[in-house]
Amino acid sequence: MTVQETDKPVLEIAGLNYDFGKGPVLREVGFSVAPGRFAVLLGPNGAGKTTLISLITRLYDSRTGHIRVAGHDVKRQSGQALARIGVVFQQSTLDLDLTVRQNLRYHAALHGLGAREAEDRIARELSRFEMLERAGEKVRNLNGGHRRRVEIARALLHKPDFLLLDEPTVGLDVPSRRAIVAHAHQLAREGGITVLWATHLIDEIFDGDDVIVLHKGEIVAQGTVNSVNKAAGGATIAESFDRLTGGART
């Protein structure tokens, strides 16, 4: 039985704390993301978003609280949990001197995909992002928006339940940002993939999204856009975000 069939949260976080020895970075963080939902982890720079994503992906390890992905504890069942996640980190992790196809083949091999299946999936995901014709080009020759499309395509190769993206549009021009935001929402809406999208940019939030507002390491609001607005007393999510964070948008 799949996660979608049981309707259990794809991501569950409870009682999570973390510090770097200079004071707490995250304090009692807890929330969940339901199957097929597009959830936005919204917070100004320095709020703790990247630290939280590093904990979900096991780059960091917290001594308190728990994180479960598709029902698997990331500490005790790391292999099973991480296999269900597709990740796009804030800093690009593509090899610039390999072609688009070579980068994706390497990722497919890490996940144990056979050559024929890997090629089929590579073609499908690159086609989804209108990048198939550029599969033979070196990544170095792509612009920032096209590199991000390749990274998202790569993250989807092993058919994860959960797509995790950390500030994926940083440094991109407005048309590229809008295209990638729209693609990611379409994945959740039509593909049934659960998405957690970390950002500080209000215009990347759609009305139907779930929102988790993180400020100074604490969750200060969470719920649908409408419920967050109601709780914060804002007419828009931008106004609510300003009220919740004291105007700290960057």
Discussion item. Cβ neighbours within 10 Å, averaged per peptide: list 196-206, 221-231 in order, most packed at the top.
Written reply: 196-206, 221-231
Worksheet item: So what is Rg over Rh here for the chain, counting just Cα atoms and using Kirkwood for Rh?
Response: 0.96
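Which pairs in the list K22/K49; K49/K75; K8/K75; K49/K138 are over 26 Å apart, alpha-carbon to alpha-carbon? Please list the in-between numbers first.
Values: K22/K49 17 Å; K49/K75 19 Å; K8/K75 19 Å; K49/K138 31 Å.
Correct reply: K49/K138.
For the chain, with only Lys/Arg (+1) and Asp/Glu (-1) charged at the beta-carbon, what is the dipole magnitude about the Cα centre, in debye rounded to 20? Working shown, then result.
Working: 32 positive and 30 negative charges, 90 e Å.
Taking the Cα centre of the chain as origin, the dipole is about 440 debye.
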Worksheet entry | Protection proxy ranking, peptides 69-77, 34-42, average beta carbon neighbours within 10 Å, highest first | 34-42, 69-77
Item to complete: Taking all pairs of distinct Cα atoms, average 1/r, flip it, and tell me the Kirkwood hydrodynamic radius of the range 1-105 in Å to one decimal place.
Response: 15.3
Fill in: For the range 114-250, projected area of the alpha-carbon convex hull averaged over all directions, nm²
9.5
Worksheet item: Looking at the P(r) of the range 157-200, how many percent of alpha-carbon pairs lie beyond 14 Å?
Response: 51
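Percent of Cα-Cα pairs more than 13 Å apart in the range 96-159, please.
So the pairs more than 13 Å apart make up 54 percent of the total in the range 96-159.
Nearest 0.05, what FRET efficiency do D7 and N45 give at R0 = 35 Å with Cβ-Cβ as r?
Details: r = 35 Å, r/R0 = 0.99.
The formula returns an efficiency of 0.50 here.
Roughly how many debye, to the nearest 20, is the charge dipole of the range 96-159 about its Cα centre, given +1 on each Lys and Arg Cβ, -1 on each Asp and Glu Cβ, and no other charges? Don't skip to the answer; put the middle values down first.
Details: 14 positive and 9 negative charges, 27 e Å.
It comes to approximately 120 debye.
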Item to complete: For the range 46-116, evaluate the Debye formula with one uniform point scatterer on each Cα (no solvent term) and list log10 I(q)/I(0) at q = 0.14, 0.18, 0.26 Å⁻¹, rounded to two decimals.
Response: -0.57, -0.84, -1.18
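Suppose R0 equals 35 Å. What FRET efficiency, 1/(1 + (r/R0)^6) with r the Cβ-Cβ distance, do E137 and Q80 give to the nearest 0.05? Mind showing how you got there, number by number?
On the way: r = 35 Å, r/R0 = 1.00.
FRET efficiency, E137 to Q80: 0.50.
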Worksheet item: So what's the projected area for the range 122-175, the Cα convex hull averaged over all directions, in nm²?
Response: 4.2
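Here, each number is a calculation from the coordinates, and none is a lab measurement. Because the structure is predicted, anything quoted here is derived from the model rather than measured. A quick note on method: Cβ atoms are made from the backbone with ideal geometry, for glycine too, and the neighbour counts reach across all protein chains shown.
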